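Following: one structure in structure tokens, then a few remarks.
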Amino acid sequence: MDMLKKLFPFSFKATAVNDFIVSLIIYVVIDVVCGLIIGLLSKLPIIGILFGLVGSLVGLYALIGIVLAILVFAKVIKD
């Protein structure tokens, strides 16, 4: 659990409604900004493939962060 707290610090702060909304907004902004950057760089031949892989990992990170924030807020996962 300590490793998850280090990797997803915003998810485990989502105990109140305000903190929950802020953490969701942070993860959505991370995902949207990464998607925009990947969209711009995907047109380059070799770099596009590399950034596509990195973008997939960042999208997965944001998805896991959102799911963890929901689970912490719903008190399924305890701190």
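The values are calculated or read from the model by the stated rules, or taken from the named source; none is laboratory data. Fair warning: this is a prediction, and the values are worked out from it, not measured in the lab. Because the Cβ atoms are built from the backbone with ideal geometry, glycine has one as well, and the counts that use them run over all protein chains shown. To get the accessible areas, we keep the full protein, side chains included, count just its heavy atoms, and leave off ligands, DNA and RNA. Shrake-Rupley method; radii C 1.70, N 1.55, O 1.52, S 1.80 Å.
Structure above, values below:
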{"item": "Unmet requirement for residue 42, which otherwise passes all of (1) modelled with pLDDT of 85 or more; (2) over 17 Å from residue 76 (Cα atoms); (3) surrounded by 11 or more Cβ atoms within 10 Å (Cβ to Cβ)", "result": "(1)"}
{"item": "Some residue of the stretch 51-74 being part of a helix (DSSP H, G or I) and either of a type in the set (S, T, N, Q) or touching a strand residue (DSSP E or B) at 6+ places or on another chain (Cβ under 8 Å) (or both)", "result": "yes"}
{"item": "Selected residue (only one of 74, 62 is modelled with pLDDT of 85 or more, open to solvent by less than 40 Å² (accessible area, probe 1.4 Å) and of a type outside the set (S, T, N, Q))", "result": "62"}
{"item": "Filter result for residue 6 (assigned to a loop (DSSP other than H, G, I, E, B) and of a type in the set (Lys, Arg))", "result": "no"}
{"item": "Residue 4 under 14 Å from the mean Cα position of the chain (by Cα), in contact (Cβ under 8 Å) with a residue 60 or more places away in the chain and surrounded by 12 or more Cβ atoms within 10 Å (Cβ to Cβ)", "result": "yes"}
{"item": "Pair list, Cβ < 7 Å and 6+ apart or interchain, from the stretch 18-35 residues that are β-branched (Val, Ile, Thr) to residues that are modelled with pLDDT under 95 and surrounded by 13 or more Cβ atoms within 10 Å (Cβ to Cβ)", "result": "26/10; 30/58; 30/62"}
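The rows are residues; the columns are (1) of a type in the set (Val, Ile, Thr); (2) under 17 Å from residue 71 (Cβ atoms).
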position	(1), (2)
16	no, yes
21	yes, yes
26	yes, yes
30	yes, no
34	no, no
40	no, no
49	yes, no
53	no, no
58	yes, no
